[in-house]
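A.B. asks: This structure is in structure tokens; I'll ask about it shortly.
The values are calculated or read from the model by the stated rules, or taken from the named source; none is laboratory data. The model shown is predicted, which means the values in this text are computed figures rather than measured ones. Note: ideal-geometry Cβ built from the backbone for every residue, glycine included; neighbour counts use all protein chains shown.
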Amino acid sequence: MACVGIVGGLGVGATVHYYEKIAAACKARGIVPDLVIAHADVDRGQGLVRAGKLDELADYLASFIERMARAGAELAVIPAVTPHICIAQLLKRARLPLINIVDPIGTELSARKLKRVALFGTVFTVEGGLWGQLTGVDIVKPRPDEVAFIGQAYQRILDTQKGHDADTAGLRRIAADLHRRDGVDAILLAGTDLAVIFDEATAGFPAIDVARLHIDAIVERLAA
């Protein structure tokens, strides 16, 4: 079994979600996961993202991966989508191999033969379109006012760890418009904290939970 290091704190709710789901999935398989968690500062991380300081963000994340490597980790995970904005820079710095969040997304979309998707998450995630990492799929960007609403709604969830009826209704409305207007096959729930308000079964629109795919990939490596 490989020891997996998790860069936590980006944000705390997402880290807890990953930890709980990984532990439950491993227990169902009759194994005890070998995990190391290091806590990063979400405010510092978000500040570097907003400032576009991707090299500095990569250095910051790499420092936690280095610490986890010294603690025995053999693989590293970032349990949040937005920090992957610096993945190109991070891969050059990280001491450990990363279980990249984008790889299982591509596998899932290919298996389901989905060709047009959109993203729900932070503004940086929605506008970034997974930063060119996902190939063979059209990533449809919502209209500017929709991007702003999605980002604001997600930030409220991130800050409060609570759902708001107006936000939930608004996200469902945007999802319906993307499907009807833009021919989107599914919405990628590309923000772990969206689990606070809905999941694939309760979203009310065709949705794929990026965190679920990532967690499944992590558990497979833990169980190997």
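A.B. asks: Check 10, 90 and return the single one that is among the aliphatic types (A, V, I, L, M), in a loop (DSSP other than H, G, I, E, B) and under 18 Å from the mean Cα position of the chain (by Cα).
C.D. replies: Working: 90 fails: in a loop (DSSP other than H, G, I, E, B).
Answer to the selection: 10.
A.B. asks: Looking only at segment 130-161, which residues are more than 25 Å from residue 180 (Cα to Cα) and modelled with pLDDT of 90 or more?
C.D. replies: Correct list: 155, 156, 157.
A quick yes/no check of all residues on (1) buried (at least 18 other Cβ atoms within 10 Å of the Cβ); (2) of a type in the set (Gly, Ala, Ser); (3) more than 21 Å from residue 214 (Cα to Cα):
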| site | (1), (2), (3) |
| --- | --- |
| 112 | no, no, no |
| 122 | yes, no, no |
| 128 | yes, yes, no |
| 135 | no, no, no |
| 139 | no, no, no |
| 142 | yes, no, yes |
| 150 | yes, no, yes |
| 158 | yes, no, no |
| 162 | no, no, yes |
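A.B. asks: Could you list, ordered by first residue, the pairs with Cβ atoms under 9 Å in which the first is in segment 80-101 and surrounded by 18 or more Cβ atoms within 10 Å (Cβ to Cβ) and the second is polar (S, T, N, Q) and outside any loop (DSSP other than H, G, I, E, B), at least 6 apart or interchain?
C.D. replies: From segment 80-101, the pairs are 80/15; 80/192; 81/125; 81/192; 82/46; 82/125; 84/125; 85/125.
A.B. asks: How do the pairs read when you match residues in segment 159-174 that are in contact (Cβ under 8 Å) with a residue 40 or more places away in the chain and closer than 19 Å to residue 192 by Cβ with residues anywhere that are among the small types (Gly, Ala, Ser) and assigned to a helix (DSSP H, G or I), using Cβ under 8 Å and keeping only pairs 6 or more apart or on different chains?
C.D. replies: Between residues of segment 159-174 that are in contact (Cβ under 8 Å) with a residue 40 or more places away in the chain and closer than 19 Å to residue 192 by Cβ and residues that are among the small types (Gly, Ala, Ser) and assigned to a helix (DSSP H, G or I), the close pairs are 161/13; 171/153.
A.B. asks: Given the options 114, 119, 134, name the one that is aliphatic (A, V, I, L, M) and either in the same structural domain as residue 80 (by TED's automatic domain parsing) or in contact with an Asp or Glu (Cβ under 8 Å, 6 or more places away or on another chain) (or both). Talk me through it step by step, then tell me what you get.
C.D. replies: Numbers: 119 fails: either in the same structural domain as residue 80 (by TED's automatic domain parsing) or in contact with an Asp or Glu (Cβ under 8 Å, 6 or more places away or on another chain) (or both); 134 fails: either in the same structural domain as residue 80 (by TED's automatic domain parsing) or in contact with an Asp or Glu (Cβ under 8 Å, 6 or more places away or on another chain) (or both).
None of the other options fit; the residue is 114.
A.B. asks: Looking only at segment 182-194, decide whether some residue is without any contact (Cβ under 8 Å) to a residue 60 or more places away in the chain and either loosely packed, with under 14 Cβ neighbours inside 10 Å or not assigned by TED's automatic domain parsing to the domain that holds residue 84 (or both). I'd like the intermediate steps shown before the answer.
C.D. replies: Looking only at segment 182-194, we keep the residues that are without any contact (Cβ under 8 Å) to a residue 60 or more places away in the chain, and these are none.
The answer is no; no qualifying residue exists.
A.B. asks: Restricted to segment 169-196, and to residues that are assigned to a loop (DSSP other than H, G, I, E, B) and modelled with pLDDT of 95 or more, which residue is farthest from residue 15 (Cα to Cα)? It would help to see each step written out before you state the result.
C.D. replies: In the first step, residues of segment 169-196 are kept if they are assigned to a loop (DSSP other than H, G, I, E, B); the result is 183-185, 190-191.
Going one step further and asking which of them are modelled with pLDDT of 95 or more, we end up with 183-185, 190.
Working: 183: 33, 184: 29, 185: 29, 190: 14 Å.
Residue satisfying both the conditions and the ranking: 183.
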